[in-house]
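These notes are about the structure you will find just below.
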Amino acid sequence: MIDTDYVIGQDNIFPKALGISFDLHGKVFAISSLVILSFVIVTLALQDQVEPLLNGTRDWLTGNLTWFFLLAGNIFVLVALGLIFSPLGKVRIGGPHAKPDFSYMGWFAMLFAAGMGIGLVFYGVSEPMSHFSSSLAGTTAGADGVRTDWAPLGGAEGDEAAALSLGMAATIYHWGFHPWAAYALVALALAIFSYNKGLPLTMRSVFYPLLGERVWGWPGHVIDILAVFSTLFGLATSLGFGATQATTGLSYLFGIPNNDITMVILIAVITLVALGSVMAGLDKGVQRLSMINMALAFVLLVFIILVGPTLLIAKEFFSNTVSYLQYIPALSVPFGREDANYTQGWTAVYWSWWISWSPFVGMFIARISRGRTVREFLVSVLLVPTLVSILWMTAFGGTAINQLVVDGYQGVQDAALELKLFAMLGELPLATISSLVGIVLVIVFFVTSSDSGSLVIDSITAGGKTDAPKAQRVFWAIIEGAIAIALLLGGGLGGLQAATVSTGLPFTVVLLIACYAVVKGLISELHSARAAQR
């Protein structure tokens, strides 16, 4: 345990309003909430002015700093793999005698639902199809010699088999080891410094080896405030994508108007549902919804495998896994890339999105992972979700590509991004039912992301307390919905991406420093364990 005089919550304030008591870290909560509320108000009031500003910010950051995001992602993977194969993997989260709080099934369900649920539903069909089509079309260049195509690497012009292999590898690259390494390192750092070292469950605690007692002052306040911003905007992006797809699906199935009003109403209704789950807490609310998520996702996945090209999906699961491992080195190169549209328009946005999510997902995973060894934790968090992502992309994306190549059906290829899933399902049996399941899945993922995020942000703004009044979680759940609405109205999907890239950049620096801190913390844990055995 770290010897510090700091007591969790000692800097908190305890205001009361309308008979409701609060327990807040004054500085972190005040600055975070005021800045966020101001952003929402300005964005909604000045939509026409905000949209070009958001899109311009995104274009500048991805155009100039893509190399930094790619390099950081590689570092996260290498650090995670190094910990797995080092003696530090023996350290147990929570101490040598700690026992897991949840079963493997409950643990995996919450891991997957928190990590990237909405994203898989939104991009499961569209991204494999996009990368396959661009790879098959090959490369093109403008008058200045700069490539104008969206093909990953050098493409595979005219070669369907090679385009399929490259397209699926380029897709899985965005959903495999790299994002989960970022999640895992944040979660591991938070868990070790909270459960093993006795520090508050906030991002500032990770930096105690570097800052010492200064983490309880303004350096720590800044770290936690950045974590709040990063989490809120990363979460709002996912909620925005989910609302866009759900609205499109409802319009596709039932003719409901596909417009901003419908989307705002949908976000508001889902936010209200999320409030009920937030009030129920981690065990009764989040875990139960996560299990429902897993069941629905499993049903839809099995349905696609059974009624789609079953043997092809089974075969391509293994071939796509091999392709992913084969292309990882080339796709991970941060310098000297010619496929700018792919790296800037896809990878950099994804990496900033995942990094923005990492405080939220990491803190949530930390809260549910006590009792696991570091090796068990990292292998599970890296390997299991990656394999599920490969199977998901193979089933959904592979089915859509098969419809194009074998059946000549171009509906998926020609459909809007948020409509591609429903265009693919429309060619399969029970299309209306499966599409409705897809919409419900998006909505339930929306709810679990919202309530999980509320739990995490509340912990940060309550000075590390995990039992703060529920009214605070309700406040943050409402704010998450408000940000999603503001970004969609103020900048559309481009505005969502701009927000994640902008908040993901400073937090990438925070995560890189955290890599050193977690290794240092694990080394001290290993030394303590060995000393106790003597």
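The values are calculated or read from the model by the stated rules, or taken from the named source; none is laboratory data. Note that the coordinates shown come from a computational prediction; the quantities given were computed from them, not determined experimentally. Cβ: placed from backbone, ideal geometry, glycine included. Neighbour counts: every protein chain shown. Surface accessibility is based on the protein's heavy atoms, side chains included, excluding ligands, DNA and RNA. Shrake-Rupley method; radii C 1.70, N 1.55, O 1.52, S 1.80 Å.
Just want to confirm a number: the relative contact order over the chain, from Cα pairs under 8 angstrom separated by 6+ residues, in percent. The partial results should precede the final answer.
Values: 860 pairs, mean separation 183.2, N = 534.
Relative contact order here is 34 percent.
State to the nearest 20 debye the size of the charge dipole of the chain about its Cα centre, where the only charges are +1 on K and R beta carbons and -1 on D and E beta carbons.
On the way: 25 positive and 31 negative charges, 403 e Å.
Roughly 1940 debye, rounded to the nearest 20.
Compare the peptides 72-83, 94-105 by average per-residue count of other Cβ atoms within 10 angstrom and give them in order, highest first. Each step should come with its number before you reach the end.
Numbers: 72-83: 19.9, 94-105: 13.1.
By packing density, highest mean first, the sequence is 72-83, 94-105.
If you put +1 on each Lys and Arg Cβ and -1 on each Asp and Glu Cβ, how big is the dipole of region 32-111 around its Cα centre, in Debye rounded to 20?
Details: 4 positive and 4 negative charges, 117 e Å.
Computed about the Cα centre, the dipole is about 560 debye.
Mind ordering 470-476, 328-334 by average Cβ neighbours within 10 Å, highest first? Mind dumping the intermediate values first?
Values: 470-476: 20.6, 328-334: 15.9.
Final packing ranking: 470-476, 328-334.
Could you please report the charge total around Phe193, scoring K, R as +1 and D, E as -1 over all other residues with beta-carbon less than 12 angstrom from its beta-carbon? Don't skip to the answer; put the middle values down first.
Working: positive: Lys197, Arg204, Lys520; negative: Glu525.
Residues close to Phe193 contribute a combined charge of +2.
How much of Arg58 can a 1.4 Å solvent probe reach, expressed as accessible area in Å² and rounded to 10?
50 Å²
Taking 8 Å as the Cα distance limit and 6 or more residues as the minimum spacing, I'd like the relative contact order of region 174-318 as a percentage. Kindly include the intermediate steps, with their values, before the conclusion.
Working: 57 pairs, mean separation 11.9, N = 145.
Relative CO of region 174-318 lands at 8 percent.
Rank Ile13, Pro152, Gly119 by how far each Cα sits towards the positive end of the charge dipole of the chain (+1 on Lys, Arg Cβ; -1 on Asp, Glu Cβ) and give me just the farthest.
Ile13
Helix 310-332 sits at what angle to the longest principal axis of the chain, using alpha carbons and giving 0 to 90 degrees rounded to 10?
Taking the Cα atoms of the chain, the angle to 310-332 is about 60 degrees.
Can you tell me the orientation of helix 218-254 relative to the chain, as the angle in degrees between its alpha-carbon axis and the longest Cα principal axis, to the nearest 10?
With rounding to tens, the tilt is 30 degrees.
Compute the long axis of helix 104-123 from its Cα atoms, compare it with the longest principal axis of the Cα atoms of the chain, and write down the angle in degrees, 0 to 90, nearest 10.
It works out to around 50 degrees.
Restricting to DSSP H runs of at least four residues, report the calculated mean residue ellipticity at 222 nm for the chain, -39500 (n - 2.57) per run over all residues, nearest 500 deg cm²/dmol.
On the way: 17 runs with 383 residues, N = 534.
Using -39500 (n - 2.57) per qualifying helix, the result is -25000 deg cm²/dmol.
Could the peptides 483-490, 515-522 be put in order, highest first, of the mean number of other beta-carbon atoms found within 10 Å of their residues? Please report the intermediate quantities before stating the final value.
Values: 483-490: 25.1, 515-522: 19.4.
So the peptides 483-490, 515-522, ranked by packing, come out 483-490, 515-522.
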